[in-house]
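**Q** I have a structure here, written as structure tokens, and I will follow up with some questions on it.
The values are calculated or read from the model by the stated rules, or taken from the named source; none is laboratory data. Since the structure is predicted, the reported quantities are computational estimates derived from the model, not experimental observations. When we count neighbours, we look across all protein chains shown, and the Cβ atoms used for this are built from the backbone with ideal geometry, even at glycine. The area values use the complete protein model at the heavy-atom level, side chains included, leaving out ligands, DNA and RNA. Shrake-Rupley method; radii C 1.70, N 1.55, O 1.52, S 1.80 Å.
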Amino acid sequence: MFNIILFGPPGSGKGTQSENLIASYGLKHLSTGDLLRSEIANQTPLGLEAKRFMDQGQLVPDEVVIGMISSALDNNPAAKGFLFDGFPRTEAQSIALDKLLALKETEINLVLALEVSEEELVKRLLNRGLTSGRSDDTNETVIRARINEYEQKTTVVANYYAGFDKVVKIKGEGTVEEIFSSLRSEIDKRLS
Ligand code: AP5
Ligand code: MG
């Protein structure tokens, strides 16, 4: 198996690049944001609880997202590898993920960290908010709260994996194609 974390702040292009990457490498895409939005759309108890946090730009509690990822791993026994998008977001989530993968005798092979300036992030998300229907994209206060959560709670995840020498920084500004090409070259180096 080859397992990748696509890491980066809100609006850095994780979802956009995930689509290209899963098409090229046949990985199973696991986005906790998408899983949570599907729970909200289905009005499940989990979705209703998560929405309270998401609407304010705050992280959903660790045990909720770890449980979702654990089920998703169990539900995809034949996957060639996983592409994690928006997970892990805290050190506790990273430790839990490593344990879950170890139970399946696999591990994170690579963390690709997209780097984008704060002003560009806000611009992209406000622009997406015009059409996305995502409640957390519609006002700048919530967008800045998401970026603040990332800085306070999520940047430590990159340090955690850097300790295992698994992190590569990628310039996340430029065209979608340019960024995809940088991501692909880092993956191909490790697959060959
Ligand atoms: P989540 O859904 O993960 O959202 P996010 O991290 O805030 O990031 P986005 O999905 O907004 O951005 P992205 O990096 O995917 O960029 P995208 O490709 O869309 O999380 C939402 C919420 O759920 C969290 O706030 C939290 O409450 C909760 N949550 C989720 N996971 C959690 C976890 N593990 N733990 C706790 N809580 C969790 O691109 C953004 C925009 O930019 C798009 O319009 C796109 O078209 C555009 N764009 C992309 N690339 C480029 C480019 N190169 N140039 C110009 N524009 C571009
Ligand atoms: Mg996304």
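**Q** Identify the single condition in (1) on the phi > 0 side of the Ramachandran plot; (2) open to solvent by 20 Å² or more (accessible area, probe 1.4 Å); (3) modelled with pLDDT of 95 or more; (4) of a type outside the set (A, V, I, L, M) that residue 124 does not satisfy, given that it satisfies every other one.
**A** Every listed condition holds for residue 124 apart from (1).
**Q** Every residue in region 87-105 that is within 12 Å of ligand 1 (Cβ to nearest atom) and open to solvent by less than 10 Å² (accessible area, probe 1.4 Å), please.
**A** If the condition is that a residue be within 12 Å of ligand 1 (Cβ to nearest atom) and open to solvent by less than 10 Å² (accessible area, probe 1.4 Å), then 87, 88, 93, 94, 97 are the ones that fit.
**Q** Taking the options 70, 18, name whichever one is among the hydroxyl-bearing types (Ser, Thr, Tyr), surrounded by fewer than 19 Cβ atoms within 10 Å (Cβ to Cβ) and part of a helix (DSSP H, G or I). Spell out how you get there, then give the answer.
**A** Values: 18 fails: surrounded by fewer than 19 Cβ atoms within 10 Å (Cβ to Cβ).
After ruling out the rest, the residue left standing is 70.
**Q** Within region 17-38, is there a residue that is near ligand 1 (Cβ under 7 Å from one of its atoms), of a type in the set (Gly, Ala, Ser) and closer than 28 Å to residue 122 by Cβ?
**A** For region 17-38, residues near ligand 1 (Cβ under 7 Å from one of its atoms), of a type in the set (Gly, Ala, Ser) and closer than 28 Å to residue 122 by Cβ: present.
**Q** Given the condition within 13 Å of ligand 2 (Cβ to nearest atom), closer than 21 Å to residue 136 by Cα, open to solvent by less than 60 Å² (accessible area, probe 1.4 Å) and part of a loop (DSSP other than H, G, I, E, B), answer yes or no: does some residue in region 44-52 qualify?
**A** Step one: of region 44-52, the residues within 13 Å of ligand 2 (Cβ to nearest atom) are none.
Looking through region 44-52, none of the residues is within 13 Å of ligand 2 (Cβ to nearest atom), closer than 21 Å to residue 136 by Cα, open to solvent by less than 60 Å² (accessible area, probe 1.4 Å) and part of a loop (DSSP other than H, G, I, E, B).
**Q** All but one of (1) without any contact (Cβ under 8 Å) to a residue 40 or more places away in the chain; (2) within 27 Å of residue 166 (Cβ to Cβ); (3) open to solvent by 20 Å² or more (accessible area, probe 1.4 Å) hold for residue 65; state the number of the condition that does not hold.
**A** Every listed condition holds for residue 65 apart from (3).
**Q** Please go through region 146-168 and pick out each residue that is in contact (Cβ under 8 Å) with a residue 60 or more places away in the chain and either within 16 Å of ligand 2 (Cβ to nearest atom) or more than 18 Å from the chain's Cα centre (by Cα) (or both).
**A** Correct list: 146, 147, 149, 150, 154, 157.
**Q** Look at residue 151 and say whether it is in a helix (DSSP H, G or I), surrounded by fewer than 20 Cβ atoms within 10 Å (Cβ to Cβ) and not β-branched (Val, Ile, Thr).
**A** Details: in a helix (DSSP H, G or I): yes; surrounded by fewer than 20 Cβ atoms within 10 Å (Cβ to Cβ): yes; not β-branched (Val, Ile, Thr): yes.
It is true that residue 151 is in a helix (DSSP H, G or I), surrounded by fewer than 20 Cβ atoms within 10 Å (Cβ to Cβ) and not β-branched (Val, Ile, Thr).
**Q** Now, a different point. What are the residues in region 169-192 that are touching a residue at least 40 places away in the same chain (Cβ under 8 Å), open to solvent by less than 70 Å² (accessible area, probe 1.4 Å) and assigned to a helix (DSSP H, G or I), if any? If you could, list the steps in order and put the result at the bottom.
**A** Kept after step one, since they are touching a residue at least 40 places away in the same chain (Cβ under 8 Å), are these residues of region 169-192: 169-173, 176, 179-180, 183-184, 186-187, 190-191.
Still in the running and open to solvent by less than 70 Å² (accessible area, probe 1.4 Å): 170, 172-173, 176, 179-180, 183, 186-187.
Of everything in region 169-192, those that are touching a residue at least 40 places away in the same chain (Cβ under 8 Å), open to solvent by less than 70 Å² (accessible area, probe 1.4 Å) and assigned to a helix (DSSP H, G or I) turn out to be 176, 179, 180, 183, 186, 187.
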